[in-house]
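As structure tokens, the structure follows; a few thoughts come after it.
Since every read-out is calculated from the coordinates, none of them should be taken as a lab result. These numbers come from a predicted model, not from an experiment. Cβ coordinates were reconstructed from backbone atoms using ideal geometry, including for glycine residues, and neighbour counts include every protein chain displayed.
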């Protein structure tokens, strides 16, 4: 590899059982992983991490991410419980989730997601200062809290908050207030140099911070197999699925994939999954994800040298058979083992 990456794995609530997830988490820790993450897809973001914490005693454990559809008071309590359980190894990763998910599943419509996220983070941090004798109020445009008291004082000091970010406003917010930023899973070196870094620096400047004050993390779809073509085939579903989300225009359009993304979205509108997968080009696989043999995957990372410090591997989802998912998790761990 081009550098000594800090690496981890994001477990996505996919087609692994929870016990299998914990087993792979333990294997990743033994192989030298720095961090393990869970996201709010299929399962919630906290319970699987608690199960991992019982088995993994050295790695950092983070939500990658919990969404701001949760009431902030519930997120505050869950996060502080995880901090106590892990002895301070917990990272609270937060994200907005796609607008249509919030509207269709949570009846939550937000016109300025970065502003709501700022309030969400500020409210959580304020609630960590509450106690049985010290109540807090928070009066934002989106988040309003009155007379919040913790029944018990926080059992652990305030913990780091990382933000998932794709677009400029959320990247700038991350630079201004977050302890870390998590770039989402379709990205290119050009996206980091032209979009991520300039906007992170703008946010840092607003609050007098510098690059060393924030941990730069990136999710990367990782499909690895000794059979190169099998690995590349596995990479098609996440590219097809996430190309449907408009905020990835920040990545896809500058990379030259506007025509491809529009065709994929048209196929999605017809609910034609095979067509979506066929529309993913070889160039998209080359540019957007890590896919190939172990040597190829490690080689692809050289283009990202110096652009982020923590690599978070994501097994290709959705539409992957369970046995392939198991094979890929094992192969990722073997590929990046110390």
- Given a Förster radius of 22 Å and the C-beta distance between residue 286 and residue 265 as r, what FRET efficiency does 1/(1 + (r/R0)^6) yield to the nearest 0.05? 0.55
- Item | Dmax and Rg, reported as Rg then Dmax, of region 274-338 (C-alpha, Å) | 13.1, 39
- Message: At a 10 angstrom cut-off on C-beta neighbours, averaged per residue, how do the peptides 216-224, 197-205 rank from highest to lowest?
- Response: 216-224, 197-205
- Query: With contacts defined as alpha carbon pairs under 8 Å and 6 or more residues apart, what's the relative contact order of the chain in percent?
  - Reply: 19
- Query: When the chain is modelled as a GNM with alpha-carbon springs shorter than 10 Å, which of 171, 301, 36 fluctuates the most?
  - Reply: 301
- Query: Going by alpha carbons, how many degrees (0 to 90, nearest 10) lie between the helix axis of 18-30 and the longest principal axis of the chain?
  - Reply: 90
- Item | Helix-only mean residue ellipticity at 222 nm for the chain, each DSSP H run of n ≥ 4 adding -39500 (n - 2.57), per residue, nearest 500 | -12500 deg cm²/dmol
- Item | residue 303 versus residue 103: modelled label distance in nm, points set 7 Å from Cα along the beta carbon direction | 3.4
- Anyone know which of 175, 62, 88 comes out most mobile in the 10 Å Cα GNM of the chain? 88
- Task: Using only alpha carbons, build the gyration tensor for the chain and give me the equivalent ellipsoid semi-axes, biggest first, whole Å.
- Result: 32, 23, 19
- Item | Gaussian network model of the chain, springs between alpha carbon atoms under 10 Å - residue of 101, 37, 319 with greatest fluctuation | 101
- Task: Please report the relative contact order for region 1-131, taking Cα pairs under 8 Å with a sequence separation of at least 6, and give it as a percent rounded to a whole number.
- Result: 20
- Pulled fully out, how much extra length does the chain show between residue 112 and residue 227, if you take 0.36 nm times their separation in residues and subtract their Cα-Cα distance? 36.9 nm
- Let me have the relative contact order for region 263-338, percent, based on Cα pairs under 8 Å that are six or more residues apart. 19
- Message: Tell me the angle of helix 168-177 to the major Cα principal axis of the chain, expressed in degrees between 0 and 90 and rounded to the nearest ten.
- Response: 40
- Message: Run the simple label-point estimate for residue 17 and residue 338 please: 7 Å along Cα→C-beta, distance reported in nm.
- Response: 3.1
- Message: 7 Å from Cα along Cα→Cβ at both residue 134 and residue 84: what's the point-to-point distance in nm?
- Response: 1.7
- Query: Using the per-residue mean of other Cβ atoms lying within 10 Å as a proxy for protection, in what order, highest first, do the peptides 157-163, 293-299 fall?
  - Reply: 157-163, 293-299
- Task: Kindly express, to the nearest 10 degrees and within the range 0 to 90, the angle between helix 258-269's C-alpha long axis and the longest C-alpha principal axis of the chain.
- Result: 80
